[in-house]
1. If Gly10 satisfies every condition in (1) among the small types (Gly, Ala, Ser); (2) touching a residue at least 60 places away in the same chain (Cβ under 8 Å); (3) away from ligand 1 (no atom under 15 Å from the Cβ) but one, which is the exception?
2. Ala166 fails exactly one of the following numbered conditions: (1) under 26 Å from Lys41 (Cα atoms); (2) within 16 Å of ligand 1 (Cβ to nearest atom). What is the number of that condition?
3. Taking into account only those residues within region 30-54 that are among the acidic types (Asp, Glu) and under 13 Å from Val19 (Cβ atoms), which is modelled with the lowest pLDDT?
4. Starting from region 185-209, take each residue that is in contact (Cβ under 8 Å) with a residue 12 or more places away in the chain and list its partners that are among the acidic types (Asp, Glu) and not in a loop (DSSP other than H, G, I, E, B), counting only C-beta distances under 9 angstrom and pairs at least six apart or across chains.
5. Out of curiosity, is Glu49 closer than 27 Å to Pro161 by Cβ and away from ligand 1 (no atom under 14 Å from the Cβ)?
6. Report every pair of residues separated by at least 6 positions or lying on different chains whose Cβ atoms are under 8 Å apart, first residue within region 146-175 and free of Cβ contacts under 8 Å to residues at least 60 places away in the same chain, second surrounded by fewer than 21 Cβ atoms within 10 Å (Cβ to Cβ) and part of a helix (DSSP H, G or I).
7. So which of Ser111, Ser80 is surrounded by fewer than 22 Cβ atoms within 10 Å (Cβ to Cβ), modelled with pLDDT of 95 or more and of a type in the set (Ser, Thr, Tyr)?
8. When you look at Asp117, is it away from ligand 1 (no atom under 15 Å from the Cβ) and buried (at least 16 other Cβ atoms within 10 Å of the Cβ), yes or no?
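The values are calculated or read from the model by the stated rules, or taken from the named source; none is laboratory data. Being a predicted model, the structure only gives us computed values, none of them experimental. Using ideal geometry, Cβ is built from the backbone for each residue, glycine included, and neighbour counts are taken over all protein chains shown.
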Amino acid sequence: MSGKTELKPGRTKARSAIVLAGGRGRRMGIVEKALLEFEGKTILERLLENLFRVVDEVILSVRDSAQKEKLLPVLEKFPSREIRFCFDTLEDAGPLEGIRAGLLESRSEYSFVCAGDMPFVNIRVVDLLFEKAEGHDTALPRWGDRMFEPLHAVYSRKLIPEIEKAFEIGKHSVLAPVFKMQDVVFVEVSEIRALDPELRTFANINTVEDLESMIGSTVEKAKL
Ligand SMILES: Nc1nc2c(ncn2[C@@H]2O[C@H](COP(=O)(O)OP(=O)(O)OP(=O)(O)O)[C@@H](O)[C@H]2O)c(=O)[nH]1
Ligand SMILES: [Mg+2]
């Protein structure tokens, strides 16, 4: 473990992050959303910069090696960081397959999972989720009774067998295996708001207009 992270320099337990990037960005017209660029940086570069302030390694969960090649140039900006790729086994099975591959690759008991189309992930919120998850199975943000943020949560490795079981019975929703775990800690959005008043940490970009309205300027689409 590097021990170089900013928020908890003396931390002894390794932390990983899994960035899901294997989607096809269909709503945007098939683009690599992680490579959308604004104010001189891609979403992926922003995410890596932020995440490495609180985790020791980042796993990029992609669909295949062709996609890996497209993301590789961003990694050149992080020469001393531990960044690895993992690949889907099931094709087009959605984020749950990406999470499974990521957790299998992770060297830590706990991993923060986020979507690769979240440009504003807040490291203090990530740190809070790791703290809440410690000694439990997951820390899952919750809005009121029914809405959750399963693509912005900390999971223990115990999720892997639950994902396998979900696939066996044809379930692909991320929440299905999460709710099979015994000890889920819910983190209320009101608590997260204290660290990130506008809750930008959860913002994900599904259309170019989403992003342009958030940043108030135009966005460059990466060519495929
Ligand atoms: N590894 C992996 N990641 C995925 C897969 N499907 C979606 N994701 C990722 O999960 C996150 C949430 O997915 P969506 O917002 O639906 O993204 P998307 O699938 O690229 O976009 P649409 O095609 O427009 O639905 C994104 O970061 C995706 O890259 C998949 O099959 N494998
Ligand atoms: Mg999305």
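1. (2)
2. Exception for Ala166: condition (1).
3. Among residues in region 30-54 that are among the acidic types (Asp, Glu) and under 13 Å from Val19 (Cβ atoms), the one modelled with the lowest pLDDT is Glu32.
4. Leu195/Asp127; Ala203/Asp210; Asn204/Asp210
5. Considered against the rule, which asks whether it is closer than 27 Å to Pro161 by Cβ and away from ligand 1 (no atom under 14 Å from the Cβ), Glu49 comes out as no.
6. Phe148/Leu175; Pro150/Leu175; Val154/Lys132
7. Selected residue: Ser80, the only one of Ser111, Ser80 that is surrounded by fewer than 22 Cβ atoms within 10 Å (Cβ to Cβ), modelled with pLDDT of 95 or more and of a type in the set (Ser, Thr, Tyr).
8. So Asp117 does not fit the description; no.
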